[in-house]
Amino acid sequence: MKHVRLLTAAVYAVCKTKTSGQLLKANWLPTKSYSAAATSGGTGAGQTVVSEKRGSVVTVAINRPDMRNAVNQETGMRLLEELKAFDSDPDLNVAILHGKGGNFCAGYDLKELANHPASLKLEQDVTKGPGPMGPSRLQLSKPLIAAVSGFAVAGGLELALLADMRVVEESAIMGVFCRRFGVPLIDGGTVRLPRLIGLSRALDLILTGRPIGAEEALAFGLANRVVPHGQALQAALELAEQISSFPQQCLRADRASAMYSCYDAPSFTQAMQFEIIHGIPVVQSEAIQGARTFTAGAGRGGKFS
């Protein structure tokens, strides 16, 4: 496979300053509207990224199937635009990232790198510009699900790591395939992968570049769900709709606290402080009404419907 690729420094709001649960984000690219296909009902022909709104869920698809959805600079910028647009849209709760044509993403487009090396602009200050793959330096304030089919390798694996959860088809292959060509992980792979699956397993994949199938990915904790071939997007949509149905301020506060604890908290005490400061406003806004709903008989016996 030839299409492989070339963390976020935006950090959570300091616990003692705000209680919004939102992330401090690097504003190196203005938020733009969704693709024409998303707003006009078109197919997105000719577009490298195609988005579609489905109620409170948006799907964002890499649309370069002839390149196994390898990302060039144009595609990376479009992905960044779409995910920033999702994060700022109050009507959307969950986004799904997937690839058209049977592959998630085969990494950075090495043909572009080989033939036009001067076109690659690498911003070393991660607070001032996007990563080579586009959105890899984002810290989103709302959940992102990766629907993984086919190859999710090199930079494509790094894009999958950006997601909160990964729904993986049983036929999918993941791996650090760029190991073979001397292309480093510079889109968060060395940061997120050890956090998700532990240093020992991460180094196994990083140092060897070996392929990993869906079942091993599930055992590692890299995959959250394994589904039959061709069903990742549908399963991700069902999962997204479930997540979107919950009280959102509470969900986002808990998510923000987990992310802060994992990546940014300098101590246990400060992680606990972040949790309580961002959790208290939710008690008034959602928890009291939730308690009344439960008292009225909803949700008894652990029921979610």
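The values are calculated or read from the model by the stated rules, or taken from the named source; none is laboratory data. What you see is a predicted model, and the numbers here were worked out from it, not measured in a lab. As a convention, Cβ positions derive from the backbone with ideal geometry for all residues, glycine included, and neighbour counts pool all protein chains shown. Only protein heavy atoms, including side chains, enter the accessible area calculation; ligands, DNA and RNA are left aside. Shrake-Rupley method; radii C 1.70, N 1.55, O 1.52, S 1.80 Å.
3J(HN,Hα) couplings calculated from phi for region 261-275 with the Karplus curve 6.51 cos²θ - 1.76 cosθ + 1.60 (θ = phi - 60°) are, in sequence order, 4, 6, 10, 10, 5, x, 7, 4, 4, 6, 5, 5, 5, 4, 4 Hz; Gly and Pro show x. Residue by residue, region 50-55 carries 3J(HN,Hα) couplings of 10, 10, 9, 7, 10, x Hz when phi is fed to the Karplus relation 6.51 cos²θ - 1.76 cosθ + 1.60 (θ = phi - 60°); x denotes Gly or Pro. When you count the other C-beta atoms within 10 angstrom of each residue and take the mean per peptide, 283-291, 171-179 line up highest first as 171-179, 283-291. The value of relative contact order for region 46-245, using C-alpha pairs under 8 Å at least six residues apart, is 20 percent. For ILE280 and ARG180, calculate 0.36 nm times their separation in residues minus their Cα-Cα distance, and state this gained length in nm to one decimal. Extending this stretch completely gives an extra 31.0 nm. Accessible area per residue for region 46-245 is 38 Å², calculated with a 1.4 Å probe on protein heavy atoms, without ligands, DNA or RNA.
Taking a spot 7 Å from the Cα of LEU196 along the direction of its beta carbon, which residues of region 158-173 have an amide N less than 11 Å from it? Within reach of a label on LEU196: 158-168. Beta-bridge orientation, region 46-245: approximately 30 percent antiparallel, per DSSP, counting only bridges with both partners inside. Separation of region 79-131 from region 157-196 is 14 Å, based on Cα centroids. With the cut-off at 1.5 for a/c, could you classify region 46-245 from its C-alpha gyration tensor as rounded, prolate or oblate? Rounded, since a/c falls under 1.5.
Within 10 Å, count the other beta carbons around each residue, average over each peptide in 245-252, 119-126, and list them highest first.
The packing order, highest mean first, is 245-252, 119-126.
Sorting the segments 93-99, 151-157, 222-228 by their residues' average number of neighbouring beta-carbon atoms within 10 angstrom, most packed first, yields 151-157, 93-99, 222-228. Under the classification rounded if a/c is under 1.5, otherwise prolate if a/b is larger than b/c and oblate if not, where does region 248-296 fall, given a ≥ b ≥ c as square roots of the Cα gyration tensor eigenvalues? Since a/c reaches 1.5 and a/b is larger than b/c, the shape of region 248-296 is classed as prolate.
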